[in-house]
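The values are calculated or read from the model by the stated rules, or taken from the named source; none is laboratory data. What you see is a predicted model; the values in this text were computed from it and never measured. No Cβ is skipped: glycine too gets one built from the backbone with ideal geometry, and neighbour counts run over all protein chains shown.
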Amino acid sequence: MGTAVLDGVEHAISSGVAVLVPAGTKHNIVNTSPSQSMKLYTVYAPPNHRDGVVHKTKADAEADTEHFDGKTSE
């Protein structure tokens, strides 16, 4: 279980749910289950990060100043 917060509006989310975040929307995804981890997959269009980049925390992602370098894995 979790919560998707889009422009200040909270939406309950659960396993298998997809959340579309329009460009410019202030957003956050929060794991509300203390006993279960949450897997979050993000897809940016156009790409925003280098291929293979994984951030363990939001702070790590915000501290990363590198962006998509134009190289893909395929």
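Couple of notes before you dig in:
- Inter-residue pairs, beta-carbon under 8 Å, first farther than 18 Å from Val21 by Cα and outside the structural domain of Val21 (by TED's automatic domain parsing) and in the range 46-66, second among the polar types (S, T, N, Q) and assigned to a loop (DSSP other than H, G, I, E, B), 6+ apart: Asp51/Thr72; Asp51/Ser73; Gly52/Ser73
- Answer residue from the range 35-67, given it is in a helix (DSSP H, G or I) and of a type outside the set (Gly, Ala, Ser) and is nearest to the chain's Cα centre (by Cα) among those: Lys58
- Pairing each residue of the range 19-31 that is among the charged types (D, E, K, R) with any residue that is exposed (fewer than 10 other Cβ atoms within 10 Å of the Cβ) and at pLDDT 90 or above, provided the two are 6+ apart or on different chains, yields C-beta distances under 8 Å for Lys26/Gly8.
- Single unsatisfied condition, Thr32 versus (1) of a type in the set (Val, Ile, Thr); (2) under 15 Å from the mean Cα position of the chain (by Cα); (3) surrounded by 10 or more Cβ atoms within 10 Å (Cβ to Cβ): (2)
- Residues in the range 19-36 that are modelled with pLDDT of 90 or more and small (Gly, Ala, Ser): Ser33, Ser35.
- Residues (of a type outside the set (Gly, Ala, Ser) and farther than 22 Å from Phe68 by Cβ) located in the range 1-27: Met1, Thr3, Val5, Leu6, Asp7, Val9, Glu10, His11, Ile13, Val17
- On inspection, Asn31 qualifies as of a type in the set (S, T, N, Q) and closer than 23 Å to Met1 by Cα.
- If the condition is being among the aliphatic types (A, V, I, L, M) and either assigned by TED's automatic domain parsing to the domain that holds Thr72 or at pLDDT below 95 (or both), then the range 1-18 contributes Met1, Val17, Ala18.
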